Structures are given as C-alpha cells and as structure tokens.
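Data block below; observations after.
The values are calculated or read from the model by the stated rules, or taken from the named source; none is laboratory data. Since the model is a prediction, treat every value here as computed from it, not as a measurement. Neighbour counts are summed over all protein chains in view; Cβ atoms, including those assigned to glycine, are modelled from backbone coordinates with ideal geometry. When the accessible area is computed, the model is the full protein with side chains, heavy atoms only, and any ligands, DNA or RNA have been set aside. Shrake-Rupley method; radii C 1.70, N 1.55, O 1.52, S 1.80 Å.
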Amino acid sequence: MTANDLLIRLTSATTHKNVFVTNNPAKEYKEYLKLIHPDVCMLANAHHATTLLNQFFDAYQSSPTYPDDAGTTTYTNHSCTTKGNDKLLELSYQNYKKLTTLNDPASLHFKQYLPQSGQLVNGLLTFTTPSRIVPLYNLQLPQKHVCWIFSRLIEFVGWLHQNGYSHNGINPASFYIVPQTHGLICTSFYHLTRLDAKLNTISAAHKSWYPNDIFMHKKATQNIDIELAQRTAIYLLGDQSGNGIKLKKSPDINQTLLDFLLIPHYNSYDTYNDYRQLLQKLFGKPQFHVLDL
C-alpha cells in the first residue's frame, strides 16, 4: 500500500473497521504511521491523514470488547466484529450462511433472530443489524426483562431443533438484545451441529454450564441448548456463575421461576409451553416492559 492509497482509505472510512482490516490493528497502526507521518511523507495532506489515523486508532482502543469463543469481539450499536481463531470464525460464518438459506415459513419468521448480514474478511467476522443492539455479556437485568429474554431464547432453540440443529454454545457472549423491540440476535454459530450427531466442540469458557452427560455421550441434544439458555437467564438475573445459588431466597427473584430455571428440561417445544403457562400463573397477562439501555 502506498501513502496515497492509505490517505484515500482514511478519508473515505466511516469507522475504524474500515481502516484496520487484520487481526493486529496495533501493528497496522505502526506501519501506517511510517507511511503518512509528516516527517517522512511529502503528501500535502500528510498531517491531516496522520490526525485521522490517530483518531481511528483511538476509536479502536476505546471500542467495547468482550471475550468470545474464537477470540475477542468488538461491538458498536449496529455491528459486532470478532477476531481470533481463524478456523472457528470460518466455521461460525459457514453455519450462519447455512441458517440463512432455510426458507420454510417458520424460518422466514425466525430469521429475525439472525444478523441482517455477515462477512468474513481478512480474519475478521463481522455481523451487522438494522436495529441498535446491546450484548448480553456482563449485563444484569430485572426479572421482568429476563422473563421475556428466556422466552426468546427457547423460541430460538426450538426453531433450530425443528430444523434438525442444536446450537450448543448459548451463553451471554453469543446473543445481543434489541431494546426497542425486545428482540434477540444470535451472533455465534461455532458449535452448531445436527441433532444427535457427534458434538466436536463446546464453549470452553462455559464448560461448567453443560449437562454432565454431554461429556459421556458427546452428542448434540435439545437439553444442551435448554440448559445453556437456563444458565444464561440466571446469569442475567445477577448470578454470573449460572448455578443460581446466589439467587436463592432473593426477595427480587420469584423462587418458583428460579426453580424452573434450575430443573432439567429435555424438549424445547414442551419447555416453551410449560414456561408460558408458568408465567401466566405467576404474573398474569403478558405485559410489554420498556427496556431502557
């Protein structure tokens, strides 16, 4: 790349992701600085280009990040970008594309749980959404909001199971919430496997969340997704261990609801119906609670 090429890239970029396109932005920054710094570059706009480069690098450094199964994810209001293990990123991207090709009537509805678009370029997997999104990672919410998030999670895995797949990696780092519509967006597809097929990978960071029998049978099953969804709900209620002990006897948590999140369930369709009946019994008619995030 020439200094002039870099200048064009900087002046046309709208985000730091347009400037730093490898897995090592810090290295890129140093290399670019050597090209356009006014001390070494004779272009008339070298000073302006250096200012832009510094601004984009500052934006990269200040971008919110969290650990992901493949490496590290950086997110904005309408996108998330993951860098790290190239093989896992490729697998996630291919599995995402596989789900987008489903065209039965139910899938046309449930594609709202998928990003609007995705691309894998130079080792960076980026998903974009039309609505503002907030990651579930490191999030704690009141019970009234967690109730509908868990409902969405069970709806999503039920759709996957209906199409013969198991997600096998549901956790707070794999989903974003859409505050305006109470929607969910899944952005992690590393461990997607055909139901009852051999399970080759799981989320290492959430190994303790999986049913114990997974390590014996090593098969993709419905109860894996259900239990991971339960653990995610418990996490969002304020117990990041996912085991629920911290929430026992909490005055802010309905203990009957907590018990439902702690007992095993084996069929997503039955789980969803049982859960909706429980919510009706505990809280009456469903209500829309505005989520201010």
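Residue 264 falls short on exactly one of the conditions (1) open to solvent by less than 70 Å² (accessible area, probe 1.4 Å); (2) under 26 Å from the mean Cα position of the chain (by Cα); (3) of a type outside the set (Val, Ile, Thr); (4) within 28 Å of residue 207 (Cα to Cα), and that condition is (1).
Of all residue pairs spaced 6 or more apart or on separate chains, those with beta-carbon atoms under 9 Å, a first member in segment 267-293 that is among the hydrophobic types (A, V, I, L, M, F, W, C) and a second member that is modelled with pLDDT under 80 are 279/286. Restricting segment 6-28 to residues that are closer than 20 Å to residue 73 by Cβ and of a type in the set (Lys, Arg) leaves a set whose member that is least open to solvent (accessible area, probe 1.4 Å) is 17. Does residue 172 count as open to solvent by less than 50 Å² (accessible area, probe 1.4 Å), under 18 Å from residue 138 (Cβ atoms) and either in contact with a strand residue (DSSP E or B) (Cβ under 8 Å, 6 or more places away or on another chain) or not in a helix (DSSP H, G or I) (or both)? Taking the combined requirement at face value, the residue satisfies it.
Here is a yes/no grid of residues against (1) closer than 30 Å to residue 253 by Cα; (2) open to solvent by 10 Å² or more (accessible area, probe 1.4 Å); (3) touching a Cys at 6+ places or on another chain (Cβ under 7 Å):
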site: 112; (1), (2), (3): yes, yes, no
site: 119; (1), (2), (3): no, yes, no
site: 133; (1), (2), (3): yes, no, no
site: 138; (1), (2), (3): yes, yes, no
site: 141; (1), (2), (3): yes, yes, no
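Checking each residue in segment 201-243 for being touching a strand residue (DSSP E or B) at 6+ places or on another chain (Cβ under 7 Å), in a loop (DSSP other than H, G, I, E, B) and within 22 Å of residue 87 (Cβ to Cβ) picks out 218, 220. Does residue 77 satisfy being open to solvent by 70 Å² or more (accessible area, probe 1.4 Å), in a helix (DSSP H, G or I) and touching a residue at least 24 places away in the same chain (Cβ under 8 Å)? Here the answer is no, as residue 77 does not meet what is asked.
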